[in-house]
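Every number in this text was worked out from the coordinates using simple rules, so none of it is lab data. Treat the numbers as computed from the prediction; the structure is a model and nothing was measured. FYI the Cβ positions are ideal-geometry reconstructions off the backbone, even for glycines, and counts take in every protein chain you see.
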Amino acid sequence: MSRALAAIALVLIYALTLASFHPWDLVLGAILATAVLAWARRALPLASQEGRPSPGARLLRFPGFAAAVLAEVVHGTWQVAVVVAGLRPLARPGIVLIPLGERTVSGVAASGWALTLSPGEVLVDVDWQRSVMLVHLLDAGDPEAVRARHQRFYSRWQRGVFP
């Protein structure tokens with residue numbers, strides 16, 4: 001998002017909060033928006049020296065992560081509802097080992113939390129010795145597909161927020 005667009009959005013939020021579009025309120029909103037954007041640039045840099053995402057970058061990527069988790073919850077809810085309603089048989093429940101890969105400790109916690117929110121999957125344990133998460137699934141019939149799906153989710157949505 002460009003700085004101008006961010007400033008306009010902040011001024012609009014300020015004006016809506018005041019319920020006033022008086023010119024002086026808009027001027028004050030623009031001054032405050034400029035100050036907030038200047039502070040955010042220093043306090044929340046978008047680049048990190050250690051190769052990990054900075055707080056600013058993580059903050060910008062969080063809405064996508066949250067939306068992806070919500071999509072997984074909706075998908076999992078549908079899968080469980082279909083089985084519970086008897087429209088599809090309970091085929092092959094079981095445990096799948098999912099490699100931790102490059103996840104940090106907080107990344108493992110975020111992965112466990114995100115996958116457990118979705119019905120049909122639950123984090124059973126983390127085996128730090130073997131560097132895997134043990135996940136129980138409603139349908140563990142294709143473990144490689146499950147591992148690939150979790151790796152795609154991590155790479156696309158989670159790594160930029162909770163490495």
Note to self: Given points 7 Å out from each Cα along the Cα-Cβ axis, report the L70 to A4 separation in nanometres with one decimal.
What the structure shows: 3.0
Item checked: Full-extension gain in nm, A109 to V36, via 0.36 nm per residue minus C-alpha separation -> 23.1 nm
Next item on the list: Considering Cα pairs under 8 angstrom that are at least six residues apart, work out the relative contact order of the chain and quote it in whole percent.
Entry: 23
Checklist line | Most fluctuating residue given options V96, V11, V69, as computed from a GNM of the chain linking Cα atoms under 10 Å | finding: V11
Item checked: 10 Å beta-carbon shell around F162, net charge (K/R +1, D/E -1) -> +4
Checklist line | Residues V124 and S54, FRET efficiency given R0 of 22 Å [Cβ-Cβ distance, rounded to 0.05] | finding: 0.10
Margin query: Using the basic label-point model (7 angstrom from Cα toward the beta carbon), what is the R152 to E102 distance in nanometres?
Written below: 2.0
Item checked: Normalised alpha carbon radius of gyration of the chain [divisor 2.2 N^0.38 Å] -> 1.41
